[in-house]
Every structure is written in C-alpha cells, then in structure tokens.
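One structure is given below, encoded as structure tokens.
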Amino acid sequence: MVLSKLHFNHLLMGFLLAMSVSLTTTIFLLYTGERMATRHSPLIDAAKEIKLNATQGHLWFEEILSGDSHEDIDRVWEYLEQADWYALAMLEGGTNSKGVFFPLTDADMRLHIESVRSALHEFDQVAYQRYLNRQSSHPGSDIDQAFDRIFNDFMGKAEHVERLLKHLIDRDLKNFRKMALLLISLSIGISMVIAYVLYRLEKQRLAHVSAMEQANEEIQKSHTELNYLAHFDSLTGLPNRTLFKDRLDQALAHAHRKSAHVVLLFIDLDKFKAVNDRLGHISGDLVLKHTAERLQRHVREDDSVSRLAGDEFTVILSDIDSMTGAMYAAKKVSRSILQELSDPFTFNGNTVFLTASIGIAIYPQDGKSGDELLINADHAMLEAKSNNKDEFLFHSPEINQRVQRQLQIESELRRAIHEDQLTVHYQPQWDVQSNKLAGIEALVRWNHPEEGLLQPNAFIPIAETNGLIEEVDIWVLESACRQYRKWRTEGLNPGKLAINISASLFGRQDLIHIVTRNIAEHCILDGELELELTESALLENSEHTQILLQQLRSRGIHLAIDDFGTGYSSMAYLRQFPAKTLKIDRSFIKEIHTDKAADAILLNMAQLATSMDMEVVAEGIETQQQEHFVRSLGCQFAQGYLLGMPMSSDELRTLMIAQTDQNVSLLPPNGR
Ligand code: C2E
Ligand code: MG
Ligand code: MG
C-alpha cells in the first residue's frame, strides 16, 4: 500500500544507485578474475614448459651420448634455451605462440625462479662439458653422476616452483573468492541500505504529503465553512444579510436591463422578544427556524427569502412586468405569509401564537438602489408594527417621514434615559365617597431639550416596539418609589402609589426581583404600591401571570387592571387573576349620558367588580356629571382632569401640604 505510493523518481534513483553498485562490483570482479585467468594459467604453463623442455633436452642428450648419431646436439641446446626462455618470461614477461606471459611480482617466487634458472645454467654447463668429454663420460663416471645430480637438482627446483606457483594461484583464487563474496555481500548490503533509506525517506515524504493534503483539506473545509457562514444564516440555513444584498443588487440590475419590477418584503415578527424572554432562546430559535420554513413555502423558486437578523426576514419577488403586477404579487404573498404565520407554532409542549408586520417597497418606484429599497421597506414595516401589527403596508413618503421621526425619537430616548431627561408626573386618584386623596398614578414625561415636555403618547408606543419601554418602566418605578418615600418621611400621605407596567416588563422573569428590590430600598409598605397592567398584557402572559401575581400579593403589592373594557375580555375571564383594582377606561366615561348602552355597561362593570371584591377606579372624569354618575354607580374611586391633572412632584407636594394644613378633606385643584 505504502510501497505502491512510493514516489517513482525516488525508486528509480535508488534502483540506479543499487544497480551501479552491483555493476561496479561485477565489473571489478570480472576484471580481477580475467586478470587472474590471463596471468595465472600461462605461468603454470610456463612452469610446465621449463620442466618439459629441460626433460626433452635431457632425454635427447642421453640419446646422443648413447650413440644415436642421427640426433643433433643443437636440438638439446635449443630445448634448454627454450626452458630458460620460459623461466625468463616468468620473470620479465614474454610472448610466443603458446601465449602471453606476465612477469611474476611475488619476490619469493622470483628468487625461486632465479634459482631454477641458475640450476638450468649449471645443467647446461655440465651437459656441455659432458658432451665435449663424451668419450670418457660413460655411465657411472664422475661427470655422469654430476650431470644426473645437477639435472635432478634443477628438476627438483622447477617442480618446487610449479608447486609454489600452484599454491600461490590457489591462494590468490581463495582471496579472490573471499573478496568476491565480500564485495557481493557489500553491494547487496549497500543496495539494501539504499533501499531502506529510500523507503524511510519516501515514508517521511508521504507522511508530509498526507499531512499537507490533510491541512489542505482542512483549509478547504474551513474555507467552505467560512464561505457558508459569510453568506448563510447558520440557524435557518437562509441567505444572510450579505447574500441578500448581493441577490437584491442582482435582481435590481436585471430589472433595470429589462425594465421590470422587483418587490421587497420586509417581515418582522411581532413581540418575538417576549417569546425569547418567556420560553428561552432555544425555543426562540425553534420559532425562527419554523418561520423560515413557512416563509419559503410562499415564494416561487427564483424568489429569495433571507434572514437579516433576529426576527427580521426579507423576501425578494423579482422579474415582474408591471407595477400593477408587482403590487398584486406583493399583496398576495404578504397575505399568505400573514395567514401562514398566524397558525400557532407547537413544539416541545409549547404553543406560541405569533403575528408579523410586513413592509413593502417596490423597485423602481420606492427606491433605485438596494439600500434605499431596504430602508423604505423597513420603514413601512415599522409603520405597520406601530399600527395594529399583523398587517402589511406599502411604502409611502408620509410613512417615511413618520418613521424617520420615530427613529429620531428612539435614538434620542436612549440618551434621555441616561441623561435624566425623563421626569414623573403624578395624577391624584380620589375616593369620591369620602372626598379624600386615595392614591396617585405615576405618569412619565420627557423633558425634551428642544421640544419641551413630551407626553407619553409621543414616545411610549415607540419605546414599546424597540424594548426601551422596560428601561423606562424601571426608571419610573425607582424614581416614583424614591419620591414616595420622601413624601412619607415629610409626613405627607399620597395614599397608594400606582405605577404603569408594560406588557414587555411584565413578561420578564426577574420582574419580581426588580420590584422587591425597590420596595425594600425605599421602605414601601404593604398595600402602598399598586402595579397597573392592561388586560391584554395580563392575558398575553397568562401562565406566567398566575405565578407572578401570587408572588406580588405575598409581598403586599397590589394589581390594577388598567384601561378595562378596551381589551374585550370578559369579567368572568379576569376572575382568574386576583387583581385588587379595576380601572374603567375613560372611553366608557366619555359616553356617560350620551349612550344609554354605555351607562348600562358601566353599571354592569361596577356591580360585577364589587361582587368580585374589587375596587373600581373610574378613569377620565372630566365633568361633574360624570363624577356624579360614577358615584351613583357605587364606584369608590375616580381619576380625571376634573379631579386633578397629572402634576409635578412639587405641585403634588404643595397640594398635599395645603390640604393637610386646612385639615379638611382634600379637594381637587379644579374644584367641583
Ligand atoms: P393610563 O395608564 O391609562 O394613564 C392615564 C392617562 O389618562 C394619562 O395620560 C392621563 O393624563 C390621562 N388622563 C387622566 N385623566 C384624564 C381625563 O380626564 N381626560 C383625558 N382625556 N385624559 C386623562 P398620559 O399621562 O398621557 O399617559 C398615557 C398612557 O401612557 C398611560 O395611560 C399609560 O398607559 C402610558 N404611560 C404613562 N406613563 C407610563 C409609564 O411610566 N410606563 C408605561 N408603561 N406606560 C406609561
Ligand atoms: Mg395607568
Ligand atoms: Mg388607564
């Protein structure tokens, strides 16, 4: 597996290296063997030729001496010369018809051959002497004996040389074999080392290559992931703001070329924050995922749904021929989206009812660029939200103006909270049966640096849409409690303190802690603090409300249902909420004696509340007629311009002091 991956070039290099080592070894061995063969066998032949020629010369000589007159003595001398030639060839080299003879280099051997040559010369001498004295050299004579002895001595030496030579050759051969064996083993060893080193190198290289490939893959993967994250929303899988802008620009460019229209829907879920606050972020995320799925069901394949942020989604409907077509498509898709979202979301045992507000901007009428179109669709959405929610609105210049004003207020309000531009006014609540001050309602005002004193309707609805309302409420709660304690320490008694709590703050899990901290800090006693909540805020948070109301009650804090009658909830339904006070909305008071049905409703409300042990506060009393009527109905408490305008803390203090000094029951500033 690993080997199969070995780098071909490395293998080739290793193979060539090993081959060259083996080849060099082989060539060396061949050369040495050849050299030995060409040098050694002629030397053996030469050693034999010395003996052979000398023996033939000796035989020939004996023949001649024994009387063979046909033989020529010169042949004897030729044989002996021939023998000497071979001996000399062994020392100095030579060439004849029998071969090429290389000189011996071994010093010992050379001495032995020298000695063979001297023995041969001696024999040649004695032979010559004997031939000259052949008459007297009969067998057994001195010279004959010397002749035989010298010849035998020569033969002995020649044979010794031959033996030594054989021995020398044997030794050389053995050495050669040893060396061959050594070299072959060495070359095999070197080849194996080369192969091993190459294998290791290759393994390392492969490890590096695979590490690099892995790193590459990881880089590639994270690149793809980054690319995905850069263009898609990880929660819903929808295109994010970046990709949305890209697609919108493309759709606009295409529409520009073809003189077509593009519809942009800006969708924002209503009160999504409450889902997050009450059910937690995991559930909030699930709602967003389901919303994304539902939205995708209502667009064509080439239209595009994106998630911009939080609970904000957009839909691009592109390539529409006419303005009428664009408006028709925008209405159709918006309606079906609102319809689809109105189905409750059910998951993990929770059921969530959601609505959405949709703003619509159409290219080219409502904007030429993507940014302009987006801002205008956003503004139309904000307007839809500040209306009734759960509706869609087309962009218009008037909407733009209004929304811009709202946005300005929104940004200024953030600063206002921290720069103490807010202030609290207090409106008295009267016990109309005993004509005494029964309580005060804290109502926020904004001391705007340029626009003067702003009433809540100029900024509370805006604060409600962007979540700032919670900060406002907490600020009012703290300020009013602090002021209340101050009056109390001065010996003044404003009665109970009523604070308006928004649905948003009421939905918060930590509301009880916020309130408890305040009453503890400002020593508010049992029954001194009342929280005013609208019916809708109560119903919206029904599960959480039950627990919270119990907790509030156990700490001596009362609850008032504010603006009662505007939320269309029945009294019977409200029974489940243990509210102390019911504040009848001023719209009913306004109708007193002008609409008989309104009188009857008021009567009913008052009776029901009394039967449920609730105190009734009639709001918006502006005329004495109204005041008489509510009193006649058995309402104990009333609040209204007739009885007392909302006033600053100083004004209320003055009023309280004046009334205490006169030691009479408090009378409203307007009098009655
Ligand atoms: P609300 O809680 O029903 O407060 C009573 C409102 O009715 C006050 O308006 C008060 O000035 C007005 N009002 C009282 N008597 C009469 C009357 O005889 N005739 C007429 N036409 N109006 C009368 P305001 O101060 O403008 O407050 C409006 C609303 O703003 C409040 O209605 C309340 O819902 C909200 N609000 C005020 N302060 C706060 C606050 O601190 N937090 C929250 N969440 N909402 C607040
Ligand atoms: Mg109120
Ligand atoms: Mg009210």
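The values are calculated or read from the model by the stated rules, or taken from the named source; none is laboratory data. For clarity, every value in this text was computed on a predicted model and none was experimentally measured. Don't worry about glycine lacking a Cβ; one is built from the backbone with ideal geometry, like all the others, and counts go over all protein chains shown. Protein only, heavy atoms only, side chains kept; ligands, DNA and RNA dropped before computing areas. Shrake-Rupley method; radii C 1.70, N 1.55, O 1.52, S 1.80 Å.
Computed values, structure above
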read-out	value
GLN625 vs. criteria open to solvent by 50 Å² or more (accessible area, probe 1.4 Å) and over 60 Å from the mean Cα position of the chain (by Cα)	yes
Matching option when the condition is open to solvent by 40 Å² or more (accessible area, probe 1.4 Å) and assigned to a helix (DSSP H, G or I), among ILE50, ILE64, ILE27	ILE27
Residues being open to solvent by less than 50 Å² (accessible area, probe 1.4 Å) and not aliphatic (A, V, I, L, M) - total across segment 251-268	3
Given (1) farther than 28 Å from LEU538 by Cβ; (2) within 60 Å of the chain's Cα centre (by Cα), number of the condition LEU655 does not satisfy	(2)
Answer from GLY94, GLY99 - the residue that is touching a strand residue (DSSP E or B) at 6+ places or on another chain (Cβ under 7 Å), surrounded by 12 or more Cβ atoms within 10 Å (Cβ to Cβ), farther than 22 Å from ARG171 by Cα and not β-branched (Val, Ile, Thr)	GLY94
Scan of segment 485-505 for residues that are more than 16 Å from ligand 2 (Cβ to nearest atom) and either under 30 Å from ASP378 (Cα atoms) or assigned to a helix (DSSP H, G or I) (or both), ordered by number	ARG485, LYS486, TRP487, ARG488, THR489
Scan of segment 506-552 for residues that are within 16 Å of ligand 2 (Cβ to nearest atom), under 18 Å from GLY567 (Cβ atoms) and not acidic (Asp, Glu), ordered by number	PHE506, LEU531, LEU533, THR534, SER536, ALA537, LEU538
Candidate set: segment 524-552, residues that are away from ligand 1 (no atom under 14 Å from the Cβ) and among the small types (Gly, Ala, Ser); chosen: the one farthest from the chain's Cα centre (by Cα)	GLY527
Failed criterion for TRP487 (all others in (1) surrounded by fewer than 21 Cβ atoms within 10 Å (Cβ to Cβ); (2) within 16 Å of ligand 1 (Cβ to nearest atom); (3) among the aromatic types (Phe, Trp, Tyr) hold)	(2)
Out of VAL275, VAL263, sole residue that is part of a strand (DSSP E or B) and touching a residue at least 60 places away in the same chain (Cβ under 8 Å)	VAL263
Set ARG149, ARG117, ARG110: member being more than 60 Å from the chain's Cα centre (by Cα), exposed (fewer than 14 other Cβ atoms within 10 Å of the Cβ) and either outside the structural domain of ARG39 (by TED's automatic domain parsing) or at pLDDT 90 or above (or both)	ARG149
Candidate set: segment 278-292, residues that are without any contact (Cβ under 8 Å) to a residue 24 or more places away in the chain and part of a helix (DSSP H, G or I); chosen: the one surrounded by the most Cβ atoms within 10 Å (Cβ to Cβ)	GLY284
Selection within segment 530-552 - under 22 Å from GLN639 (Cα atoms), at pLDDT 90 or above and open to solvent by 10 Å² or more (accessible area, probe 1.4 Å)	THR534
Index of the failed condition, PHE313 passing every other in (1) open to solvent by 30 Å² or more (accessible area, probe 1.4 Å); (2) assigned to a strand (DSSP E or B)	(1)
Residues located in segment 123-140, provided they are of a type in the set (Lys, Arg) and open to solvent by less than 50 Å² (accessible area, probe 1.4 Å)	ARG130
Residues that are under 17 Å from the mean Cα position of the chain (by Cα) and open to solvent by 50 Å² or more (accessible area, probe 1.4 Å), drawn from segment 223-250	HIS223, THR224, GLU225, LEU226, ASN227, TYR228, LEU229, HIS231, PHE232, SER234
